[in-house]
Amino acid sequence: MPNTKSPTDALSDIMKQSGRVISEESMSLFANLKMASPVKTGMFKKSWVLQKKSIDGMKWRISNPLEYASILYDGRRVVNGRAYGSEQWLFGGSPMLERTNIAINAKLKRIRA
């Protein structure tokens, strides 16, 4: 059966599917960051914020407003002989973000194929 969708309808479908993928992966990343967050007092884990920045689901913001959040997110490292970060979260959040980026790109590639 031939495709009877107009180009506008086809593009709209792609945008909806893309928005769903990005929404699902953003929520999954948020949950994974919270779950993996090191816990000493629990403040870092509790302070993650997920914000939907657009109606179509294409823009999300994940943040942690704590002053030391970037230190923990960057993972354990030594600078001038002094250790920074958490022993509980050696690699920080970057590997999770990279895996999410790969998953999103693979799913979007399938949608647009």
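The values are calculated or read from the model by the stated rules, or taken from the named source; none is laboratory data. These numbers were taken from a predicted model, which means no experiment stands behind them. Positions of Cβ are backbone-derived with ideal geometry, glycine not excepted, and every protein chain shown enters the neighbour counts.
Observations on the model:
- Selection of segment 88-101 for residues being part of a helix (DSSP H, G or I) and surrounded by 11 or more Cβ atoms within 10 Å (Cβ to Cβ) yields 94, 95, 96, 97, 99, 100, 101.
- Selection within segment 1-24: residues that are in contact with a helix residue (DSSP H, G or I) (Cβ under 7 Å, 6 or more places away or on another chain) and among the β-branched types (Val, Ile, Thr). The member of this set that is farthest from residue 85 (Cα to Cα) is 14.
- Within segment 72-87, being surrounded by 16 or more Cβ atoms within 10 Å (Cβ to Cβ) and either over 17 Å from the mean Cα position of the chain (by Cα) or at pLDDT below 90 (or both) holds for 76, 85, 86.
- Filter result for residue 69 (surrounded by 15 or more Cβ atoms within 10 Å (Cβ to Cβ), within 22 Å of the chain's Cα centre (by Cα) and hydrophobic (A, V, I, L, M, F, W, C)): yes
- For segment 25-58, the tally of residues that are farther than 18 Å from residue 69 by Cβ, out of contact with any helix residue (DSSP H, G or I) (no Cβ under 9 Å at 6 or more places or on another chain) and surrounded by 14 or more Cβ atoms within 10 Å (Cβ to Cβ) stands at 1.
- Pairs are defined by a Cβ separation below 7 Å, a sequence spacing of at least 6 or placement on different chains, a first member in segment 16-42 that is in contact (Cβ under 8 Å) with a residue 40 or more places away in the chain, and a second member that is in a loop (DSSP other than H, G, I, E, B) and hydroxyl-bearing (Ser, Thr, Tyr); the pairs so defined are 38/86.
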